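**Student:** Just dropping this structure here.
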Amino acid sequence: MVNIEIKKGVYFVGVKDPKRKLFDSLIPLPKGTTYNSYLVKGKDKTALVDTVNPGFENQLIDHIAAVTEVGKIDYLIMNHAEPDHAGAIPFIMKSSKATLITTEKGADMAKKYHGVSEKRIKVVKNKDKISLGGKTLEFIEAPWLHWPETMFTYLIEDKVLFSCDFFGSHTAVGFFAEDAKDLISDAKRYFGEIMMPFRIMGAKALEKIEGLDIQMIAPSHGPIYKDPGKIIKLYKEWTSAKTKKKVIVVYATMWNSTEKMVQSMIDTLVKEKIEVCSYNIANSDIGDIAEDLVDSRGIVLGSPTVLGSIHPIALHALNLVKALRPPAKYAAFLNSYGWGPSTKVVADALSNTQIEIVGVVEANWVPKKEDLLKIRKLGKSLAQKIKE
Ligand code: FEO
């Protein structure tokens, strides 16, 4: 793939990275990802919107060179300072006389993180515009999507929104949305991993762009939306913290005691007509868990006690839940133990969240009949809360 003209005078010059396995040393990328960069050519000036991950500079340069000389870039728009989009900034700044355009917070990051000279930075505020000659870029402050400095760039004449991380998806499959099978699931998973903790800021950004005529969304990861209505609608839903009558069950098990407890809980919830998804953490992708956290109203955690705490992988899942700040309202904990329960670990972890622990069942060694009865009772109480 070289460059692709997505609108007249607007080119995709980014790169695909289908082999990347992990993002932020945390999130698995089963379909890889892309670093989308766009070149906008006006009659008088040329702008590059975002760059690429470090290590892909030469591909970026080749793609730009198929449209124009890199030295002819007048403006480098930095919507976001994270290196997957800003990694090639030093390279572009060195190869051109471009002025870097960013927000006030972005200017600080451009200087400190990417070594850009203050003299070459122009700070823009919400609704500021730059004319390229027949093409006008308008900047929209959209902080915390996903760092504090983030902004969107709107190309007025072509009605294209360059939204950087927002509306993105980690997949190297497909170029336009219609070519990407399962894109909605990929986009939801990405939302869960990246945007869910910032959903209040996401909702504010959606309000800001409400009146804009957007005919194309060109994010900086994953496919481009030529018909953006559906993804905007989904983002409205996901940022609203609206949940379904749904419970996500995540558990670790060593000798199947916890698994028996979990299965009893699942059976009860299903009988109560609650949608259930379950993950044995040991062989699950945490991105799938993040995806289901987007609209689950309840969370059930199951874990044996190991070395005085919950199992380390259950602790990882618990920390992840806390970090991703899902909209779930209720939780339950199922704990099997030999010589000491570990309920306090979970209670402490969730104590400063909005999540109410509806109940806990602790079973010594293997769950007995009375333990399973307690789980059924807890499952019914949880289902009741979920249905309210
Ligand atoms: Fe895709 Fe926050 O960087």
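No value in this document is a laboratory result; all are computed from the given coordinates. Please read all numbers here as calculations on a predicted model, not as lab measurements. Methodologically, a virtual Cβ is constructed for each residue, glycine included, from the backbone with ideal geometry; neighbour enumeration extends over all protein chains shown.
**Student:** What 222 nm value per residue comes from the helices of the chain, counting each DSSP H run with n ≥ 4 as -39,500 (n - 2.57) and dividing by all residues, nearest 500 deg cm²/dmol?
**Tutor:** Result for the chain, helices only: -9000 deg cm²/dmol.
**Student:** Tell me, what is the percent relative contact order of the range 4-239, built from C-alpha pairs under 8 Å that lie six or more residues apart?
**Tutor:** Value for the range 4-239: 17 percent.
**Student:** Taking every DSSP beta bridge that has both residues in the range 242-388, what percent is antiparallel when rounded to the nearest 5?
**Tutor:** That works out to approximately 5 percent antiparallel.
**Student:** To the nearest 0.05, how large is the calculated FRET efficiency for Glu356 and Phe176 if R₀ is 45 Å and r is the Cβ-Cβ distance?
**Tutor:** 0.55
**Student:** Using the Karplus curve 6.51 cos²θ - 1.76 cosθ + 1.60 with θ = phi - 60°, work out ³J(HN,Hα) for each residue of the range 234-242 in order, rounded to whole Hz, and write x for Gly and Pro.
**Tutor:** Listing the rounded values in order: 5, 5, 4, 5, 5, 7, 7, 6, 5 Hz.
**Student:** Return the distance in nm (one decimal) between the two label points of a simple spin-label model at Leu307 and Asp227, each offset 7 Å from Cα along Cα→Cβ.
**Tutor:** If labels sit at Leu307 and Asp227, their model points lie 5.3 nm apart.
**Student:** Right, something else. Taking the range 53-113, which GluC sites (Glu not before Pro) meet the DSSP loop condition and have no more than 16 other C-beta atoms within 10 Å?
**Tutor:** Of the GluC sites (Glu not before Pro), the ones in loops of the range 53-113 whose Cβ has at most 16 other Cβ atoms within 10 Å are Glu69.
**Student:** So, R0 is 30 Å and r is the distance between the beta-carbons of Lys273 and Ser240; what FRET efficiency does that work out to, to 0.05?
**Tutor:** Once the sixth-power term is evaluated, E becomes 0.80.
**Student:** Taking the square root of 5 times each eigenvalue of the Cα gyration tensor, what semi-axes in Å does the equivalent ellipsoid of the chain have, largest first?
**Tutor:** 46, 20, 17
**Student:** When we measure straight from the Cα of Lys111, which aspartates and glutamates land under 14 angstrom away, once same-chain ones fewer than 8 places off are left out?
**Tutor:** Glu82, Glu149
**Student:** Run through the range 233-312 and list the trypsin sites (Lys or Arg not before Pro) located in a DSSP loop whose Cβ has at most 16 other Cβ atoms within 10 Å.
**Tutor:** Qualifying residues, ordered by number: Lys242, Lys273.
**Student:** How many angstrom lie between the Cα centre of the range 277-342 and the Cα centre of the range 204-265?
**Tutor:** So the two Cα centres are separated by 18 Å.
**Student:** I need Trp144, Trp365, Trp339 ordered by Cβ neighbour count within 10 Å, fewest first.
**Tutor:** Neighbour counts put them in this order, fewest first: Trp339, Trp365, Trp144.
**Student:** According to a simple spin-label model (label point 7 Å from Cα along Cα-to-Cβ), what is the distance in nm between Ala347 and Ser95?
**Tutor:** Roughly 6.0 nm, to one decimal.
**Student:** If packing is taken as the average number of other Cβ atoms within 10 Å across a peptide's residues, how do 18-27, 325-334 rank, most packed first?
**Tutor:** Output ranking for 18-27, 325-334: 325-334, 18-27.
**Student:** Let's test the formula: R0 of 41 Å, r as the Cβ-Cβ distance of Lys377 and Glu210. What FRET efficiency results, to the nearest 0.05?
**Tutor:** For R0 = 41 Å, the calculated efficiency reads 0.35.
**Student:** For Thr46, which sequence-distant residues (separation of 5 or more, or a different chain) have an amide H within less than 5 Å of its own amide H, given hydrogens modelled in the peptide plane?
**Tutor:** Asp74, Tyr75
**Student:** Can you tell me how much longer the chain between Ser25 and Lys125 gets when fully stretched, taken as 0.36 nm per residue apart minus their C-alpha distance, in nm with one decimal?
**Tutor:** That pair, Ser25 and Lys125, stretches by 32.7 nm at full extension.
**Student:** Apply the Karplus parameterisation 6.51 cos²θ - 1.76 cosθ + 1.60, with θ equal to phi minus 60°, to every residue of the range 109-120 and state each ³J(HN,Hα) to the nearest whole Hz, in sequence, with x for glycine and proline.
**Tutor:** Working through the residues one at a time gives 5, 4, 6, 6, 8, 10, x, 7, 5, 4, 4, 9 Hz.
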